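Right, one structure below, let's go through it.
The values are calculated or read from the model by the stated rules, or taken from the named source; none is laboratory data. Bear in mind the structure is a predicted one, so any value in this text is a computation, not a measurement. No Cβ is skipped: glycine too gets one built from the backbone with ideal geometry, and neighbour counts run over all protein chains shown. Only protein heavy atoms, including side chains, enter the accessible area calculation; ligands, DNA and RNA are left aside. Shrake-Rupley method; radii C 1.70, N 1.55, O 1.52, S 1.80 Å.
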Amino acid sequence: LAAHIKALPRPTDDGSLVLVVLHDMTALRRAERMRADFVANASHELRTPLASLVGFVETLRGPARDDAEAQDRFLAIMAEQTGRMRRLVEDLLSLSRIEQREHESPTGRVEVGPLLRGLVEMLEMKARPRQVTLTLDVPPDLPTVIGDRDELAMAFQNLIDNAVKYTRPGTSVRVGASRQDDGVRLIVSDQGEGIAAEHLPRLTERFYRVDTARSRQMGGTGLGLAIVKHVLNRHRGRLTVESAVGEGSTFTVLLPDNEFSTASKEPAGVQK
Ligand code: ADP
């Protein structure tokens, strides 16, 4: 560490004192490297569909100019690639917005039951073509949680969306919520391919995918679980995953209850 101590308290020419700033350079370097990796990954993810679009534009203006059938086919691929770019940019923006307010405690009150019901109804459209059935199990007396409704909706949506994407066709995805001593627990359980144990610790890293081709084919950006992680950080929530290869996965979110949230907000207020 000594080598990184750049500033020591010593008088300057005019007699004032220099401020001493000690940085943990190892942590700073790691953060800097992660940022650089993230920019490289994001650029790479955007460059691939962009290259394909450039190629198809050239083809449409040249060899395929008079071939109506080829034009239809290429335009369909181009629509898919632009959709992929749009999803990626939207997820990048969401992630950056969530990170910006990660240290501000949320103040809204969220009714988890109706929120989940709305999401399940919305995602049924996506589940039906895959012959996936969504079931919802929420008790009527579920307490409200302190939180940001839009962020929690985004996190829960990503978890349910993943279950629908990665479960086997013809199976069901179970969404449930329950009251716990220490808060509200939400589970999303699928009967899909499961995730091998060695991948579990890295799932919430940005752009980490178990099977990149499969994720892309299902329209994934590789940012869904990173978004979930940052939303839960802000809500002092916890995400756990249990999974068995070939059997399925269960993602569990624990959101602390109101009392806990109120009590734990105090020290943050004092620190400000
Ligand atoms: P993606 O957009 O690729 O789905 P996520 O960040 O949401 O990105 O998830 C990261 C990776 O975790 C996925 O690519 C997939 O390999 C794995 N994964 C997430 N949810 C599930 C699930 N329910 N079943 C199996 N694998 C999953």
Handout entry: Selection count where residues are at negative phi and either in a loop (DSSP other than H, G, I, E, B) or of a type in the set (Ser, Thr, Tyr) (or both), scope the range 203-256
Key = 23
Handout entry: Of the criteria (1) within 13 Å of the ligand (Cβ to nearest atom); (2) touching a Gly at 6+ places or on another chain (Cβ under 8 Å), which one PHE156 fails
Key = (2)
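Which residue is surrounded by the most Cβ atoms within 10 Å (Cβ to Cβ), if the candidates are limited to the range 47-56 and must be closer than 13 Å to ALA79 by Cβ and not small (Gly, Ala, Ser)?
PRO49
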Exercise for the section: Could you tell me whether any residue of the range 147-163 is free of Cβ contacts under 8 Å to residues at least 60 places away in the same chain and assigned to a loop (DSSP other than H, G, I, E, B)? Expected result: no
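Given the options LEU119, LEU200, name the one that is within 12 Å of the ligand (Cβ to nearest atom) and outside any loop (DSSP other than H, G, I, E, B). Even if it seems obvious, please write down each step before you answer.
Numbers: LEU119 fails: within 12 Å of the ligand (Cβ to nearest atom).
Every option except LEU200 fails the conditions.
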Handout entry: Selected residue (only one of THR144, THR167 is touching a strand residue (DSSP E or B) at 6+ places or on another chain (Cβ under 7 Å), more than 11 Å from the ligand (Cβ to nearest atom), touching a residue at least 24 places away in the same chain (Cβ under 8 Å) and among the hydroxyl-bearing types (Ser, Thr, Tyr))
Key = THR144
Practice task
Tell me, yes or no, whether the range 99-108 has at least one residue that is open to solvent by 80 Å² or more (accessible area, probe 1.4 Å) and over 17 Å from GLY237 (Cα atoms).
Solution key: yes
